[in-house]
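The values are calculated or read from the model by the stated rules, or taken from the named source; none is laboratory data. Every value quoted in this text rests on a predicted model; they were computed, and no experiment measured them. Virtual Cβ from ideal backbone geometry, glycine too; neighbours counted across all protein chains shown. Just so you know, the surface numbers come from the protein's heavy atoms only, side chains and all, with ligands and any DNA or RNA stripped out. Shrake-Rupley method; radii C 1.70, N 1.55, O 1.52, S 1.80 Å.
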Amino acid sequence: MTATETPVRPDNGTTTTPPDRPRTPLALSRWLVLGVMVLAAVYFLFPVWWLLVASTKTSSGLFSGNGFWFGGHFAFFGNVRAVFAQQGGIFWRWLLNSALYAVGGAAAGTLISALAGYALAKYPFRGREFAFNVVLAAVLVPQPLLAIPLYLMFSPVHLVNTYWGVLLPSVVSPFGVYLARIYAGASVPDELLEAGRIDGAGETRIFATIALRVMSPALVTIFLFQFVSIWTNYLLPVLMLADDRLQPVTVGIVGWQSQRGIGNAVPFNVVVTAALISVIPLVVLFLTLQRFWRSGLISGSVK
Amino acid sequence: MTTAAPPTTAGAPPGRTSRHSRRRARTALTFLAPFGILFAAMYLAPIGYTVYQSLFQEHRSGLGLSAPTKVFAGLANYRAALDDSGFRGSLLRVLLIGVVQVPVMLALSLTLALLLDARRTLFKRFFRLAFFLPYALPGVIGALMWSFLVAPGLSPITAAAHHVGLHLDLTSNSLLAPTIGNMLTWGWTGYNMLIIYSALQAIPPELSEAATMDGCSAFGIAWRIKIPLVRPALVLTTVFSIIGTAQLYNEPAILHNVAPNLSSDYTPIFAAYDAVDAGNFDYAATESVILALLAFVLSFGFLRLVQRRGAAL
């Protein structure tokens with residue numbers, strides 16, 4: 001049921017061919033498959049490649065020459081300087097805001113998800129299945145629909161245009177609770193909890209010292225998913241935050257892009273380079289913590 | 001959470017066990033409380049508030065100098081929304097985009113997942129990363145990138161097409177929907193592929209080995225063994241995709257910056273946000289409820305359909 005118990009076959013590309021099989025017809029199909037894979041990789045990578053190339057060009061260079069290859073003046077460092085100089089260096093602030101929302105929201109969210117998931121997995125009580133089903137149904141609620149009523153509810157209590165206006169809704173992750181319950185149910189042994197109780201440890205202490213430790217791989221996964229969903233969120237912050245000093249980087253960049261046609265609009269090369277810089281933290285996170293992505297998706301697909 | 005009803009001792013034998021289980025239940029409620037309270041405030045309350053609002057209308061009396069009063073309107077807002085050809089059009093548009101885009105994307109996801117899972121495929125690690133990369137990019141940044149890639153005057157695709165003598169404007173009215181469909185496919189294929197691939201990895205290798213011994217081709221193994229076994233993953237990705245399409249907003253909103261011809265009620269969420277901008281919250285709430293209901297009916301209808309089919313098999 002969980003990631004840890006799923007037999008995962010080695011898939012590092014080393015294929016051992018059984019010696020008793022004819023090889024010639026397979027060579028062709030192998031090339032065919034490789035062709036399809038390369039084609040797909042080109043489709044998924046070329047926009048990112050374009051972004052990389054475009055970030056090295058000047059504003060006028062973007063509109064001339066081959067978009068997919070370097071050319072003209074190599075302006076990358078000038079562009080980066082321009083990004084951080086634009087609008088009094090507000091880009092730094094946007095990056096920090098994004099980090100604050102994503103780290104703060106995901107850390108708090110992971111903890112309360114772990115608590116709730118653990119409680120749903122390990123304590124029998126009336127209405128448990130119902131509570132879990134409500135959480136499951138909430139995974140299916142289209143998020144953007146909640147943003148408008150939240151805005152209306154936050155207005156009278158003065159949470160609009162504050163850090164809390166984005167942080168509070170970001171902390172709640174039904175998907176995190178779902179993952180935590182699945183993982184706690186499968187990997188935290190009852191005997192271990194019972195042993196803790198016999199030793200006289202309180203329930204909170206058992207959770208903090210035993211359960212959290214056993215659940216730690218799942219916690220990283222939950223944190224990762226929530227971090228990314230907060231960092232990439234656009235609708236909620238764009239609605240909540242009119243003050244651009246509070247905005248996360250996604251809202252800020254789109255704000256720059258939409259100034260097109262207005263008097264002193266932000267140049268294209270600056271917007272493109274800003275977009276490139278804003279994805280670097282996520283790409284790094286995603287490359288370094290790959291195995292946690294997979295384990296989360298496995299428990300998501302095996303119900 | 002209110003749903004976790006406090007346990008009653010009725011029916012439980014008196015003594016140690018009931019005291020024990022009562023204490024356990026209390027602990028469970030304490031552990032659930034932080035999430036439960038926030039969930040009620042950030043999920044249940046907004047949903048309730050939206051439904052409540054959709055049943056009211058604001059009335060301004062006389063010259064509009066006094067504060068508007070809220071009047072219960074029953075289903076009048078719903079009638080108005082369903083009569084609104086712009087809103088109906090947005091629902092239909094999203095439905096159409098979904099009907100074409102979701103199957104294309106999932107077929108692509110399944111194909112790539114099967115190829116990644118096949119024993120003889122080369123450079124698996126690289127391909128898996130390459131396919132999943134778009135998901136690691138924020139949706140709006142991906143949309144921003146594509147908006148530049150299709151923007152008239154800037155688009156390298158249009159330039160390349162011009163080179164071979166083709167006139168191509170990817171932001172023209174007739175190509176807006178395919179352009180948005182492409183943005184969605186680009187952004188979500190890798191995510192769905194990874195879900196399906198993870199399910200494929202959980203299939204015991206002995207199964208396909210046995211089939212190979214029996215002379216089954218790789219294609220036959222994929223079709224007869226692997227695809228039926230990853231059915232739950234396919235169902236899950238379909239439901240997620242239906243809901244994802246229903247809430248379509250980022251891509252068209254950002255495309256709007258380079259394609260002014262994209263109407264301000266292009267998708268239902270777009271229309272609802274437009275109503276918010278106009279200060280008409282009741283109407284926005286009504287549109288939200290209709291959209292949520294439609295997404296719910298479609299995803300649950302799909303689940304029921306596959307469950308019935310599953311039983312027949």
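One table, with the values for the structure above:
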| item | result |
| --- | --- |
| Among (1) surrounded by fewer than 19 Cβ atoms within 10 Å (Cβ to Cβ); (2) without any contact (Cβ under 8 Å) to a residue 12 or more places away in the chain; (3) under 30 Å from residue B:150 (Cβ atoms) - the single one residue B:300 does not satisfy | (3) |
| Entirely in region A:32-151, the helices (runs of 4 or more DSSP H) that have 3 or more residues that are under 23 Å from residue B:250 (Cβ atoms) | A:76-122 |
| Subset tally (residues that are in contact with a helix residue (DSSP H, G or I) (Cβ under 8 Å, 6 or more places away or on another chain) and under 21 Å from residue B:254 (Cα atoms)) for region B:275-286 | 3 |
| Selection status of residue B:291, within 19 Å of the chain's Cα centre (by Cα) and at the interface with another protein chain (Cβ under 8 Å from one of its Cβ atoms) | yes |
| Residue A:214 being open to solvent by 10 Å² or more (accessible area, probe 1.4 Å), aliphatic (A, V, I, L, M) and within 13 Å of chain B (Cβ to nearest Cβ) | no |
| Lone unmet requirement of (1) among the acidic types (Asp, Glu); (2) free of Cβ contacts under 8 Å to residues at least 40 places away in the same chain; (3) closer than 30 Å to residue B:69 by Cα for residue B:214 | (3) |
| Unmet criterion (only one of (1) surrounded by fewer than 19 Cβ atoms within 10 Å (Cβ to Cβ); (2) free of Cβ contacts under 8 Å to residues at least 40 places away in the same chain) for residue B:233 | (1) |
| Subset tally (residues that are among the basic types (Lys, Arg) and open to solvent by 70 Å² or more (accessible area, probe 1.4 Å)) for region A:27-43 | 0 |
| Test: residue in region A:95-110 that is more than 26 Å from residue B:21 (Cβ to Cβ), within 16 Å of the chain's Cα centre (by Cα) and at pLDDT below 90 | no |
| Residue A:221, sole failed condition from (1) buried (at least 23 other Cβ atoms within 10 Å of the Cβ); (2) within 30 Å of residue A:75 (Cβ to Cβ) | (2) |
| Total residues in region B:247-269, condition open to solvent by 10 Å² or more (accessible area, probe 1.4 Å), at the interface with chain A (Cβ under 10 Å from one of its Cβ atoms) and assigned to a helix (DSSP H, G or I) | 2 |
| Total residues in region B:274-287, condition surrounded by fewer than 24 Cβ atoms within 10 Å (Cβ to Cβ) and assigned to a helix (DSSP H, G or I) | 6 |
| Total residues in region B:106-125, condition more than 15 Å from residue A:39 (Cα to Cα) and either surrounded by fewer than 20 Cβ atoms within 10 Å (Cβ to Cβ) or among the hydrophobic types (A, V, I, L, M, F, W, C) (or both) | 8 |
| Filter result (out of contact with any helix residue (DSSP H, G or I) (no Cβ under 6 Å at 6 or more places or on another chain) and at pLDDT 85 or above) within region A:253-303 | A:255, A:277, A:280, A:281, A:284 |
| Tally, over region A:44-61, of residues that are closer than 23 Å to residue B:182 by Cα and either open to solvent by 20 Å² or more (accessible area, probe 1.4 Å) or of a type in the set (Lys, Arg) (or both) | 5 |
| Tally, over region A:139-156, of residues that are at the interface with chain B (Cβ under 7 Å from one of its Cβ atoms) and crowded, with 20+ Cβ neighbours inside 10 Å | 7 |
| Selected residue (only one of B:79, B:88, B:93 is assigned to a helix (DSSP H, G or I), in contact (Cβ under 8 Å) with a residue 40 or more places away in the chain and away from chain A (no Cβ under 14 Å)) | B:93 |
| Among the candidates A:52, A:95, residue that is within 28 Å of residue A:220 (Cα to Cα) and touching a residue at least 60 places away in the same chain (Cβ under 8 Å) | A:95 |
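This table checks each residue for (1) at pLDDT below 85; (2) in contact with a Ser or Thr (Cβ under 6 Å, 6 or more places away or on another chain); (3) of a type outside the set (D, E, K, R); (4) open to solvent by 10 Å² or more (accessible area, probe 1.4 Å).
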site: B:148; (1), (2), (3), (4): no, no, yes, no
site: B:151; (1), (2), (3), (4): no, no, yes, no
site: B:154; (1), (2), (3), (4): yes, no, yes, yes
site: B:159; (1), (2), (3), (4): yes, no, yes, yes
site: B:163; (1), (2), (3), (4): yes, no, yes, yes
site: B:172; (1), (2), (3), (4): no, no, yes, yes
site: B:180; (1), (2), (3), (4): no, no, yes, no
site: B:187; (1), (2), (3), (4): no, no, yes, yes
site: B:192; (1), (2), (3), (4): no, yes, yes, no
